[in-house]
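The values are calculated or read from the model by the stated rules, or taken from the named source; none is laboratory data. For clarity, every value in this text was computed on a predicted model and none was experimentally measured. Note: ideal-geometry Cβ built from the backbone for every residue, glycine included; neighbour counts use all protein chains shown. All accessible areas refer to the heavy atoms of the entire protein, side chains included, with ligands and DNA or RNA removed. Shrake-Rupley method; radii C 1.70, N 1.55, O 1.52, S 1.80 Å.
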Amino acid sequence: MTFTSFGLSKALLRAVAEQGYAAPTPIQTQAIPAVLDGRDLLAAAQTGTGKTAAFTLPLLQRLTGEVGSDRWPDGAPRALILVPTRELAAQVGESVRLYGRYTGIRTATVFGGVGLQAQAAAVRRGADLLIATPGRLLDLVSQRHANLARIEFLVLDEADRMLDMGFIHDIRRLLGMLPKVRQNLLFSATFSDDIRTLAAGLLHRPLTIEVAPRNTPAELVSQSVYHVPKTGKEALLAHLLACGRRGQTLVFTRTKHGADRLARRLGQDGFRVAVIHGNKSQSARIRALAEFKADRVQILVATDIAARGLDIRQLPHVVNYELPHVPEDYVHRIGRTGRAGADGVAVSLVCRDEAPQLRGIERLLGRRLPVQPVPEEVLSAAEGERTSPHAGRKSCVRGDVR
Ligand code: AMP
């Protein structure tokens, strides 16, 4: 299967070729023809499967094709992509811009946490396709900057996360503003009853696509755990990072405060570190991600919400410094690695208090995670933490984050 066999326009094929994609991913193979045919879609797909291109490419094709009306004189958008977070909005906006760069399609990306006026101006200038977080879009509509009366295509991306974040009322309000006849695509990593209810009310005879087994992380990610006292986590992490081949690592903490503290300590240890969490301004988050992507920082410390939807190609390592409370978040976290065919390694540092979370994760995965031995020197460093915090970095053992 190649991209040319979908009958996509030259403009789109050129942009895809520039991305260097050799062949469509499984979700693209299934979704692109269906969306081009005008079908509704219910797709179970995690980040990393190529889902963004799976809905963006056919959408762009339909916007440039014969479907519906041409550009509206008032510049009202014809397609709406709703996403849960600012990061995902920025990322999807960037993908749409890349794939659509030769199509002449005008896009606007709107999300909260930054000034409203510039986004309002962009929407008012006219956008065929709007990428938005629900809250900011409602603000723009209520202030009459955005008009949703001409929407022909709706995408809900990471719908499960939108519901987790409490956006259901905002989504329902927005749905009420859209024309009744339209094509709807719903993407979700997991399928709770709430998602099924939303889908049942939204989708008309949808094609259901499931590219990875439900809630199962990419097979390519090798996962393991270290049982380590809380006081030994820092030394173990420093040990793993110091022993690893100089690769980039995404480290998850549970709290914003914990992320800041850990980043500070790693910085003091001489690692190049950036932090990304909900208290950081949007521009600080974008900067941190850019630094990480450009390989100017080696370690990105992140909390779950902030990391949702991060698109970092070929990220080899994820460390769960603390386990998430919600087992599904573990799946999202390790979904950052092993993407687009690359092997990934995900290790979790688990202290006694986190045993219930580990059990929840293993139940979700349907298997026990292998346990790695904690190096002796890390354990003794944990005991004499204050006197010799980084004794564990002196020698390396098998099973490091490589
Ligand atoms: P997504 O699941 O949309 O977040 O995409 C995950 C990553 O896969 C992104 O970095 C895309 O650029 C990349 N990607 C998307 N489609 C393909 C493809 N057909 N071949 C290789 N990489 C792809």
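Observations on the structure shown:
- Selection status of LEU98, open to solvent by 30 Å² or more (accessible area, probe 1.4 Å) and in contact with a Pro (Cβ under 6 Å, 6 or more places away or on another chain): no
- Qualifying residue in the stretch 45-56 (condition: more than 11 Å from the ligand (Cβ to nearest atom) and assigned by TED's automatic domain parsing to the domain that holds LEU82): no
- ALA149 more than 22 Å from LEU36 (Cβ to Cβ), open to solvent by less than 10 Å² (accessible area, probe 1.4 Å) and not assigned by TED's automatic domain parsing to the domain that holds ARG285: no
- Taken across the stretch 82-93, residues that are out of contact with any helix residue (DSSP H, G or I) (no Cβ under 9 Å at 6 or more places or on another chain), within 14 Å of the ligand (Cβ to nearest atom), small (Gly, Ala, Ser) and assigned by TED's automatic domain parsing to the domain that holds LEU129 do occur, with at least one present.
- If you check ALA355, ALA340 for being modelled with pLDDT of 90 or more, closer than 30 Å to SER188 by Cβ and open to solvent by 20 Å² or more (accessible area, probe 1.4 Å), only one passes: ALA355.
- From the list THR109, THR64, the one residue that fits, being of a type outside the set (Lys, Arg), within 16 Å of the ligand (Cβ to nearest atom) and not assigned by TED's automatic domain parsing to the domain that holds SER283, is THR109.
- Every residue from the stretch 103-135 that is open to solvent by less than 30 Å² (accessible area, probe 1.4 Å) and in a strand (DSSP E or B): ALA108, VAL110, LEU129, LEU130, ILE131, ALA132
- The numbered conditions (1) in contact with a strand residue (DSSP E or B) (Cβ under 9 Å, 6 or more places away or on another chain); (2) open to solvent by less than 40 Å² (accessible area, probe 1.4 Å) are all true for PRO179 except (1).
- The residues in the stretch 243-282 that are in contact with a Pro (Cβ under 7 Å, 6 or more places away or on another chain) and either open to solvent by less than 30 Å² (accessible area, probe 1.4 Å) or aromatic (Phe, Trp, Tyr) (or both) can be counted, and the count is 1.
So that you can scan it fast, the table gives a plain yes or no per residue for (1) in contact (Cβ under 8 Å) with a residue 24 or more places away in the chain; (2) open to solvent by less than 40 Å² (accessible area, probe 1.4 Å); (3) over 26 Å from GLN143 (Cα atoms):
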site	(1), (2), (3)
ARG14	yes, no, yes
ILE27	yes, yes, yes
ASP74	yes, no, no
PRO84	yes, yes, no
